[in-house]
Amino acid sequence: MNSVIPDLRHAIREFRNRPALTATAVLSLALGIGATTAVFSVIYAVLINPFPYRDAARIVEIHLWDMNSAGQDRVTGYRGTDAERFRQLKSFESVVPIQGWNLTTSDGDLPEDVRSLSVYPGFPNHWGVPAMMGRWLIPSDAPLGSDPQPVVVLSYKFWQRYFMADPHVIGRTIRLVHKPYQIVGVMPPRFQWGDVDLYGPAKVTQDPNSGYFVSLKLHKDVTLEQANAELQPLLEQIAKERPAYFPINFRAHLVRITEVYAHQIGATLYVLLAAVASLLLIGCGNVSILLLARGIERQQEFAVRSAVGADRSRILCQLLTESFVIAGAGSAIGLLIAWRSIALIVAFLPADSFPPESAIGINFAVALFSVALAFATTIISGLWPALQSSRPILAQLLQSGMRRIAGSRRARRSHNIMIGVQVALTFAMLALGGTTAKGFLRLLNANLGYDPKNCLALGIPIHDNAHVSLQDRLEYFEQLRSRIAALPQVVGAAVSGNATPPSNGNDTRMELLGRPDLGQPEIRMNFIGPEFFSLLHIPLLQGRMWDHAETMRSAAFAVVNESMARQYWPNGDAVGHQLRTSDLIDQPPYSPSAPGATGWLQIIGVVADSRDDGMRSPTKPAIYVPYSLHMWMWEEILVKTRVSPLSAVKDMRAQIAKVDPDQQVTETYDLYDLITRDSEYAQQRLVATLFGIFSALALILAVVGLYSVVSYSVATRTNEFGIRIALGAGAADLFRLVLSSTTTSIGAGLLAGLILSFAFSKFAMRWVNESSRDPLILAGVAASLITFAIAASLIPARRASCTDPMTALHHE
């Protein structure tokens, strides 16, 4: 213990004398540790341990594999009778029907939107998470044959926001749509099922028009395959009863909730982890190069200290202290970088790509692993030269010059190998970074087919038992639309049932009159008002658009997009044909349809294509019909403004309140926000941004490593350069000699990097629809690396070419 403080002082003096080496080593470790810890921490929170629920891997959702659409995954709603039949199956421990609903607070000055879930309380332990305060829903909250009790359980966030975290909230009442509800519980922070504000008991009815999402929990010893096999016949029976809601040919596909998000973002995060792991290896390689070079330079010092009586363990203890200081400083800064980087990564993650329950923070297991690797690298690299030379004999000391030359040859060989690995990893990362950047730029410049500038979407939900009839609901939304459109800062407004791009419309099957040979192909169906196309600047190519009067009488018209017209009427005669779909079934009071909506619709126009299946996928064949043919409990009003859209929201809300003081707006977003929230756009932006950052850091570290190797080579070959100059070698000869010392390692690294880039090409196509085999990108990366390698060698090479022969010969 008495030697620790002196050793620390000596280490600090050593590092103070060599600030460039110290800073490079510490930052190399810090960047690798920080990036690796941050990315894996996100992976752990999003993919490995995203939910706080007991036995979360046994909670499943029902998906359907559409066998006629290349196995596309589908989800549909179920009835109360379906949920009862699911309970009869032996595979499931619990079956919980759930309904989502938007309510408004009515105990304040202004109505506030409240997102709620009505949950069947027959299985209170379905999630296995007890309430933080009070209790969770129990079966007596929804007695059979009676209306549910007016009780609610608050989410933690809503309790904090609306009730200011009042510890005495249990037993209080909250008025929702003018009805009092007693608060019986508050859930803990991580219980965020459905990402809503509160939970109430659901009354599961036999109403065929009432739909539910169903959450199921497998018995402990039941596999997904067994459950799918038992579920398949029942789903086929339900599909016969309601064929419009199921694919023609499907297979039951139960999905664990722990796998839902892994499918969306898992591959991207794991690839980013591979990238940052490479960055950590490059950083550790840098530290190895720097410390090995520094250690060999100090071999003579070690020899002298041993010769005058210094104990070998004393020298090793000193070097161990120095290594601990570097590793400790790098680890501390690395953890700080990780803490700040996690927020950056989360900000760039696609919306809805990770569950709200995820507790994203530094994962201490991976942080410990990264720190341990950094310490191991630093200690081994720092101690190795001392282990080689801390017991020299006098003859070795007298021949130290020869030993330095021999030692430097061995060191140069190992250093060149590490440089080759660094160059290979950096090449692959730069190639992938260039590929992702190219893909993202292409996405940015993609033709949307519509103009989102100064466009705003307002979500308008209808309260239960309000505007039940189709005509009443139609007149209500037309009144809201016309009031908003009359504002001086508004250019126009249109109702959009489900047509707000870039991912819009519902997949539905259709029939073409007189074309039975086509069967029932699938298309996208959109419900819109007549102002929709002019508002978004989508050009009408043929025919006409229905007018306001035709909207109000629910005219059976349709407009098709260019892709659909080209596919089914290649001769350009789509206008005048008729079709019908399976998605216009009358379902009062929630989704009423106009009389005759299930009959034939006449095509009266063709419009240009616009994005309707995300930012990367081709536009799907689509039809647009009057929103008055079929209306839901939730509609949107699209508004185009003369000013910034968000600046006019207050006036729009005021106009809505004049029509109905209790009417809330669920969501308000600029159409540009919808583009950035698109999962494909956000995922590609995440990959392009992080790969760009990691590639730049890898390039910097590789250049620093190369500079260190060349500088070390020049320092240990001073005598050789002096002899060469004395024998007549010119400065240019030495310049070429220094540059050529790393040619082999750089060339091998470039070749290995090229092979890695080809190997990752398939993955690149999956992320960004671009190939990492692009010759322009590969050539640019190779040229950049060669340029930086030459630049890193210039200063040491110039130093070698200016060597004074007499100084060099007396160097030892």
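Contact list please: Cβ distance under 6 Å, first residue in the stretch 761-784 and more than 20 Å from Gln684 (Cβ to Cβ) and open to solvent by 30 Å² or more (accessible area, probe 1.4 Å), second residue at pLDDT below 85 and charged (D, E, K, R), pairs at least six apart or on different chains.
none
Can you report the number of residues in the stretch 333-369 which are of a type in the set (S, T, N, Q) and at positive phi?
Final tally of qualifying residues: 0.
Within the stretch 67-100, restricting attention to residues that are of a type in the set (A, V, I, L, M) and part of a strand (DSSP E or B), which residue is nearest to Pro461 (Cα to Cα)?
Ile98
Would you point out the residue of the stretch 12-30, among those that are small (Gly, Ala, Ser) and buried (at least 18 other Cβ atoms within 10 Å of the Cβ), that is modelled with the lowest pLDDT?
Ala25
Just checking, does the stretch 494-515 include any residue being within 27 Å of Gly459 (Cβ to Cβ), among the charged types (D, E, K, R) and under 33 Å from the mean Cα position of the chain (by Cα)?
So far as the stretch 494-515 goes, yes, one or more of its residues are within 27 Å of Gly459 (Cβ to Cβ), among the charged types (D, E, K, R) and under 33 Å from the mean Cα position of the chain (by Cα).
Within the stretch 518-533, count every residue that is of a type in the set (S, T, N, Q) and modelled with pLDDT under 95.
Qualifying residue count for the region: 1.
Do we have Met615 as over 20 Å from Leu540 (Cα atoms) and within 38 Å of the chain's Cα centre (by Cα) here?
It is true that Met615 is over 20 Å from Leu540 (Cα atoms) and within 38 Å of the chain's Cα centre (by Cα).
Out of everything in the stretch 101-127 that is in a strand (DSSP E or B) and open to solvent by 50 Å² or more (accessible area, probe 1.4 Å), what residue ends up being modelled with the lowest pLDDT?
Going through the qualifying residues, I end up with Trp101.
Which residues, counting only those in the stretch 178-202, are touching a strand residue (DSSP E or B) at 6+ places or on another chain (Cβ under 8 Å), outside any strand (DSSP E or B) and either acidic (Asp, Glu) or surrounded by 18 or more Cβ atoms within 10 Å (Cβ to Cβ) (or both)?
Met187, Trp193, Asp195, Val196, Asp197, Ala202, listed by residue number.
Condition first: farther than 16 Å from Ala262 by Cβ and open to solvent by 40 Å² or more (accessible area, probe 1.4 Å). Now tell me which residues in the stretch 44-66 satisfy that.
Hits for the stretch 44-66 are Pro52, Arg54, Asp55, Trp65.
Within the stretch 203-227, restricting attention to residues that are among the charged types (D, E, K, R) and open to solvent by less than 60 Å² (accessible area, probe 1.4 Å), which residue is farthest from Val260 (Cα to Cα)?
Here the residue is Asp207.
So which of Leu281, Leu292, Leu316 ends up being of a type in the set (A, V, I, L, M), within 20 Å of Thr378 (Cα to Cα), modelled with pLDDT under 85 and open to solvent by 50 Å² or more (accessible area, probe 1.4 Å)?
On inspection, the qualifying residue turns out to be Leu281.
Just to be sure I understand, how many residues within the stretch 203-240 are under 20 Å from Leu137 (Cβ atoms), in a loop (DSSP other than H, G, I, E, B) and of a type in the set (S, T, N, Q)?
2
So which residues in the stretch 170-188 are farther than 11 Å from Val152 by Cβ and among the small types (Gly, Ala, Ser), if there are any at all?
Selection gives Gly171 alone.
Being crowded, with 17+ Cβ neighbours inside 10 Å, among the aliphatic types (A, V, I, L, M) and touching a Pro at 6+ places or on another chain (Cβ under 8 Å) is the requirement here; does Met564 meet it?
Judged against the criteria, Met564 is a match.
Of the residues Gln479, Gln422, Gln471, only one is at negative phi, of a type outside the set (Asp, Glu) and surrounded by 19 or more Cβ atoms within 10 Å (Cβ to Cβ); which?
None of the others qualify; the one that does is Gln422.
Go through the stretch 543-559 and give me each residue that's outside any helix (DSSP H, G or I), more than 10 Å from Val606 (Cα to Cα) and among the charged types (D, E, K, R).
Asp547, Arg553
Return yes when Ser106 is in contact with a His (Cβ under 7 Å, 6 or more places away or on another chain) and either of a type in the set (Lys, Arg) or closer than 25 Å to His168 by Cβ (or both) and no when it is not.
Criteria met by Ser106.
Residues to consider are Asp651, Asp678; find the one that is charged (D, E, K, R) and at pLDDT below 90.
Asp678
Find the residue count for the stretch 785-809, including only residues that are open to solvent by less than 20 Å² (accessible area, probe 1.4 Å) and either of a type outside the set (A, V, I, L, M) or at pLDDT below 75 (or both).
Number of matching residues: 5.
When the residues of the stretch 336-359 are filtered to those that are in contact with a Gly (Cβ under 8 Å, 6 or more places away or on another chain) and crowded, with 20+ Cβ neighbours inside 10 Å, which remaining residue is nearest to Ile289 (Cα to Cα)?
Ala338
Please specify each residue of the stretch 607-637 satisfying the condition of being surrounded by fewer than 22 Cβ atoms within 10 Å (Cβ to Cβ), within 22 Å of Asp670 (Cα to Cα) and of a type in the set (Phe, Trp, Tyr).
Trp634
Could we say that Arg79 is out of contact with any Ser or Thr (no Cβ under 8 Å at 6 or more places or on another chain) and either at pLDDT 90 or above or open to solvent by less than 60 Å² (accessible area, probe 1.4 Å) (or both) here?
no
Does Ala267 count as surrounded by 15 or more Cβ atoms within 10 Å (Cβ to Cβ) and either touching a strand residue (DSSP E or B) at 6+ places or on another chain (Cβ under 7 Å) or not charged (D, E, K, R) (or both)?
no
Out of curiosity, is Thr666 polar (S, T, N, Q), in contact with a helix residue (DSSP H, G or I) (Cβ under 7 Å, 6 or more places away or on another chain), open to solvent by 10 Å² or more (accessible area, probe 1.4 Å) and more than 19 Å from Pro452 (Cα to Cα)?
The answer is no for Thr666.
The values are calculated or read from the model by the stated rules, or taken from the named source; none is laboratory data. These numbers were taken from a predicted model, which means no experiment stands behind them. Note: ideal-geometry Cβ built from the backbone for every residue, glycine included; neighbour counts use all protein chains shown. Calculation scope for accessible area: heavy atoms of the full protein, side chains included, ligands and nucleic acids excluded. Shrake-Rupley method; radii C 1.70, N 1.55, O 1.52, S 1.80 Å.
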